[in-house]
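The values are calculated or read from the model by the stated rules, or taken from the named source; none is laboratory data. Computed from a predicted model, the values in this text were never measured in an experiment. Glycine gets a Cβ as well: all are built from the backbone with ideal geometry, and neighbour counts include every protein chain shown.
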Amino acid sequence: MRANLFAAIFLVPKHVLEQELLFLDIHKNAVSSEQAVELAHIFQVPYKSMVRRLYEIGHIKKTLMNKLLAEPNVLLIRRKLQLENLIAAKPIIHYEGLAKNACDLYQEGLISPKRLRNLLSLLYKELI
């Protein structure tokens, strides 16, 4: 279970998933099977892993998770959305306010100097 949780956190980071949910305008506890299939495709993870990850980050309730996990037509949905054998789109990460927020967190003592450098390096890599 710990290995699965680590893999989920590594493959589908919470902040990236939340950004993608905002970008795709997927509201809390209103995820359709089609949207879950699309998210699984974007992050290149199995459908059931994506559904579990949505539950883990609190975006869906357990009842909706169970309903999505019971979806019998995932392969049909993938075909309908034309997601068969296509290269997945990369998740969109928005960096607005990252420098200010990172500096504020550092000044408040909530992140280390190493973490601050890491966050600011994301901006530098994005500019290249």
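Just to check your reading of the model, which residue among Val31, Val37 is modelled with pLDDT of 90 or more and in a helix (DSSP H, G or I)? Break it down into steps so the answer makes sense when it comes.
Numbers: Val31 fails: in a helix (DSSP H, G or I).
Of Val31, Val37, the one residue that is modelled with pLDDT of 90 or more and in a helix (DSSP H, G or I) is Val37.
Listed by first and then second residue, the pairs with beta-carbon distance under 8 Å, at least 6 apart or on different chains, first residue in the range 98-121 and within 21 Å of Val16 (Cβ to Cβ), second part of a loop (DSSP other than H, G, I, E, B), are Ala102/Ile111; Leu105/Ile111; Leu119/Ile111. Would you mind stating whether Glu126 is acidic (Asp, Glu), under 21 Å from the mean Cα position of the chain (by Cα), in a helix (DSSP H, G or I) and at pLDDT below 80? In short, yes.
Under the condition of being in a helix (DSSP H, G or I) and in contact with a helix residue (DSSP H, G or I) (Cβ under 8 Å, 6 or more places away or on another chain), which residue from the range 52-63 is farthest from Ala8 (Cα to Cα)?
Within the range 52-63, the match that is farthest from Ala8 (Cα to Cα) is Lys62.
Of the residues that sit in the range 7-35 and are over 15 Å from Pro46 (Cα atoms) and among the small types (Gly, Ala, Ser), which one is surrounded by the fewest Cβ atoms within 10 Å (Cβ to Cβ)? Result: Ala30. Listed by first and then second residue, the pairs linking a residue in the range 27-47 that is farther than 16 Å from Ile60 by Cα and free of Cβ contacts under 8 Å to residues at least 40 places away in the same chain to a residue that is among the aliphatic types (A, V, I, L, M) and outside any helix (DSSP H, G or I), with Cβ atoms under 9 Å apart and 6 or more places separating them unless they lie on different chains, are Val45/Val12.
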